[in-house]
1. Could you tell me whether any residue of the range 10-29 is outside any helix (DSSP H, G or I), closer than 11 Å to residue 108 by Cβ and either more than 11 Å from the chain's Cα centre (by Cα) or at pLDDT below 95 (or both)?
2. Which is touching a helix residue (DSSP H, G or I) at 6+ places or on another chain (Cβ under 7 Å) and either surrounded by fewer than 16 Cβ atoms within 10 Å (Cβ to Cβ) or modelled with pLDDT of 90 or more (or both), of 142, 115, 74, 63?
3. State which residue pairs qualify: first residue over 20 Å from residue 124 (Cβ atoms) and inside the range 25-40, second residue assigned to a helix (DSSP H, G or I) and modelled with pLDDT of 95 or more in any location, beta carbons under 7 Å apart, and separation of 6 or more residues or different chains.
4. Please go through the range 40-60 and pick out each residue that is in a helix (DSSP H, G or I) and either modelled with pLDDT of 70 or more or under 16 Å from the mean Cα position of the chain (by Cα) (or both).
5. Keeping to the range 85-112, report how many residues are in a loop (DSSP other than H, G, I, E, B), at pLDDT below 90 and under 16 Å from residue 37 (Cα atoms).
């Protein structure tokens, strides 16, 4: 069993958690500490940020934080110790950074059914699997 698990979720895509959340809870068992993360992608190139009004990122992070709290309250059993985290940057980089910073034992994440371009895993899941120091469980989505 794993005592501390990181569960990345995309709040706009239920397939990112409908199977992964139960798997994480099962892997952790009683007493698991669940760190749920969602990542707000950054703008990428600095020229792109000029198209958004000042304070957009801060407001977006606050809004995503509220949505994550709601998601946790609606989906994670009250008996589970859960810590929600909103991260900002490249999805796979932030997942890996959080896993190390939070000293988790395992990462449980969903991967969509592959298309030819993905081959086996989506690009974020594949990078997490390749570079994580922790055990990574990939739960195949819809």
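The values are calculated or read from the model by the stated rules, or taken from the named source; none is laboratory data. Bear in mind the structure is a predicted one, so any value in this text is a computation, not a measurement. Glycine also receives a Cβ, built like all others from the backbone with ideal geometry; neighbour counts cover every protein chain displayed.
1. Taking the range 10-29 and keeping what is outside any helix (DSSP H, G or I), we get 10-13, 17-19, 29.
Checking which are closer than 11 Å to residue 108 by Cβ leaves us with 17, 19.
Imposing the further condition that a residue be either more than 11 Å from the chain's Cα centre (by Cα) or at pLDDT below 95 (or both) reduces the set to 17, 19.
Yes: the range 10-29 contains one or more residues that are outside any helix (DSSP H, G or I), closer than 11 Å to residue 108 by Cβ and either more than 11 Å from the chain's Cα centre (by Cα) or at pLDDT below 95 (or both).
2. Working: 115 fails: touching a helix residue (DSSP H, G or I) at 6+ places or on another chain (Cβ under 7 Å); 74 fails: touching a helix residue (DSSP H, G or I) at 6+ places or on another chain (Cβ under 7 Å); 63 fails: touching a helix residue (DSSP H, G or I) at 6+ places or on another chain (Cβ under 7 Å).
From the options 142, 115, 74, 63, the qualifying one is 142.
3. 32/25
4. Applying the first criterion (in a helix (DSSP H, G or I)) to the range 40-60 yields 46-49, 56-60.
Listed by number, the residues that qualify are 58, 59, 60.
5. The initial filter retains those residues of the range 85-112 that are in a loop (DSSP other than H, G, I, E, B), namely 89-90, 102-105, 112.
With at pLDDT below 90 added as a condition, the list becomes 89-90, 112.
Narrowing further to those that are under 16 Å from residue 37 (Cα atoms): 89-90.
Of the residues in the range 85-112, 2 are in a loop (DSSP other than H, G, I, E, B), at pLDDT below 90 and under 16 Å from residue 37 (Cα atoms).
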